[in-house]
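Novice: Structure provided below as structure tokens; questions to follow.
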Amino acid sequence: MRMLYNNCGFKIFSLTALLGGLVLAGCAAPNPKPFQDFSTATASVDTATDQALSEAIAQSREALINSIGPNDFDRLKLHFESNNGKQYYWGNSGDGSWNITGLEKNDADIEKGTAEVARARQPGDSTQAPSEASKWMNNYYVPQRMAEGISDFNGAYLKYTQALAALAGKEFISDDDFSKMAGNLNKNLNNATQHLKVGSGQEAAIFSTAATGAFREYIKSQQSAALRKAIQTNQNAIEEYSNLGLELTYNLSGYVRDAYVAKFKQLEKDFGSAAPDERKKVVANAVTLNDSTIKRWALFGGMAKLYASLPESHSELARAAEGSAGLSAIASMADTGAKLYKLYKDLNDANEKANKNSN
């Protein structure tokens, strides 16, 4: 399987690797570079989102530990269930919700899991945990349940951009194989939006029905004008994806913001009760907290900027399909992607340094 790497270290798979069985067309191809730049920038938001999720979990974990009182410990206990070895569930009685991993999920599975959690509560337990503990159980466990959905959410779009880059480079597949790919990516995205609880609840798609037909026409005709039309036909789907990405970024940032507020509140108490010669240490801790949170917040800002840039950049790809120059939105998106990757690296390096210093 052929695998390429760009200069940021992101894996770029050829459409051969994604779909198999491709043949090359003989006519002149559109310039693939704008399509490759678009795909590379999209890879950066995928990497950044993984880091953002890790930050949300790590920050909420510390707040959860600090929130547990003498009557809350039993609510930390996890409960496990398996459906004939095909699906694996875990739940926490503190927040009354359930996670499912394995095969296809449906509402009945989730309802079953929630009921199992309810039955797992110890006799005499209150039906509601104290507010602080309950909040941080939610803020800690919900992001963990988001991991699979985030992978599908960004993965569907990343594969779409890789497919566009390969199509622009004249790597093509049969109508049936293309339709299967489009259907699978739509399914993954739709499952992800439901899992992440973003959007209106209506079905999401990375390839609209009309766009799938238009791309198939391009595969048959090999005409640049047909590729331009296919990209334009899919513009509304990309605008919806952009909005979903902005909503996801906002939701993730909330976990980090809440954890910061809780930590700073505790530092205020520590400063007020500290002896004068101990206050400098508390101040140093507050400055360190601010430094690290600023880096995290910058990551969310970069993610939001890139998600917001997708529609205009995607629209420019339609012009790139016919060789147009002056594609400023794609160039700007590529620059945003490079900066976002640097933000990710800086934050990751800072976390590794902090972990070494704490050991």
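Novice: Counting only residues that are without any contact (Cβ under 8 Å) to a residue 60 or more places away in the chain and either among the small types (G, A, S) or in a helix (DSSP H, G or I) (or both), how many does region 205-228 have?
Specialist: 16
Novice: Scan (1) among the hydroxyl-bearing types (S, T, Y); (2) within 15 Å of S315 (Cα to Cα); (3) modelled with pLDDT under 90 for the single condition Y241 breaks and write down its number.
Specialist: In the conditions (1) among the hydroxyl-bearing types (S, T, Y); (2) within 15 Å of S315 (Cα to Cα); (3) modelled with pLDDT under 90, Y241 misses (3) alone.
Novice: Looking at N251 and the list (1) under 29 Å from the mean Cα position of the chain (by Cα); (2) closer than 30 Å to S60 by Cβ; (3) at pLDDT 90 or above, which single condition is not satisfied?
Specialist: (3)
Novice: With the structure loaded, tell me whether L246 is buried (at least 21 other Cβ atoms within 10 Å of the Cβ), of a type outside the set (D, E, K, R) and touching a residue at least 24 places away in the same chain (Cβ under 8 Å) or whether it fails that test.
Specialist: The answer is no for L246.
Novice: Of the residues in region 225-241, how many are surrounded by 19 or more Cβ atoms within 10 Å (Cβ to Cβ) and not charged (D, E, K, R)?
Specialist: Here the count works out to 8.
Novice: Turning to a different aspect of this structure: Scan region 183-196 residue by residue and report those that are out of contact with any helix residue (DSSP H, G or I) (no Cβ under 8 Å at 6 or more places or on another chain) and either crowded, with 18+ Cβ neighbours inside 10 Å or assigned to a loop (DSSP other than H, G, I, E, B) (or both).
Specialist: N190
Condition check ((1) hydrophobic (A, V, I, L, M, F, W, C); (2) modelled with pLDDT of 65 or more; (3) buried (at least 18 other Cβ atoms within 10 Å of the Cβ)) across all residues:
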{"position": "E111", "(1), (2), (3)": "no, no, no"}
{"position": "R119", "(1), (2), (3)": "no, no, no"}
{"position": "A129", "(1), (2), (3)": "yes, no, yes"}
{"position": "N138", "(1), (2), (3)": "no, yes, yes"}
{"position": "A168", "(1), (2), (3)": "yes, yes, yes"}
{"position": "F172", "(1), (2), (3)": "yes, no, yes"}
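Novice: Right, D335: of a type in the set (D, E, K, R) and either over 30 Å from Q232 (Cβ atoms) or in contact with a helix residue (DSSP H, G or I) (Cβ under 6 Å, 6 or more places away or on another chain) (or both) or not?
Specialist: no
Novice: Taking G102 as the residue in question, decide whether it is more than 26 Å from A259 (Cβ to Cβ) and at pLDDT below 65.
Specialist: Yes: the conditions hold for G102.
Novice: Looking at (1) surrounded by fewer than 16 Cβ atoms within 10 Å (Cβ to Cβ); (2) on the phi > 0 side of the Ramachandran plot, find the lone condition where T209 falls short.
Specialist: Evaluating T209 over (1) surrounded by fewer than 16 Cβ atoms within 10 Å (Cβ to Cβ); (2) on the phi > 0 side of the Ramachandran plot leaves (2) as the failure.
Novice: Kindly indicate whether A211 is farther than 27 Å from A58 by Cα and among the aliphatic types (A, V, I, L, M).
Specialist: Here the answer is yes, as A211 does meet what is asked.
Novice: For region 249-278: of the residues being hydrophobic (A, V, I, L, M, F, W, C) and assigned to a helix (DSSP H, G or I), which is surrounded by the fewest Cβ atoms within 10 Å (Cβ to Cβ)?
Specialist: The residue in question is V261.
Novice: How do the pairs read when you match residues in region 249-273 that are touching a residue at least 60 places away in the same chain (Cβ under 8 Å) with residues anywhere that are β-branched (V, I, T) and surrounded by 13 or more Cβ atoms within 10 Å (Cβ to Cβ), using Cβ under 6 Å and keeping only pairs 6 or more apart or on different chains?
Specialist: Hits for this filter: Y260/T293.
The values are calculated or read from the model by the stated rules, or taken from the named source; none is laboratory data. Given the structure is predicted, the values throughout are model-derived calculations rather than measurements. Positions of Cβ are generated from backbone atoms using ideal geometry, with glycine treated the same way; all protein chains shown enter the neighbour counts.
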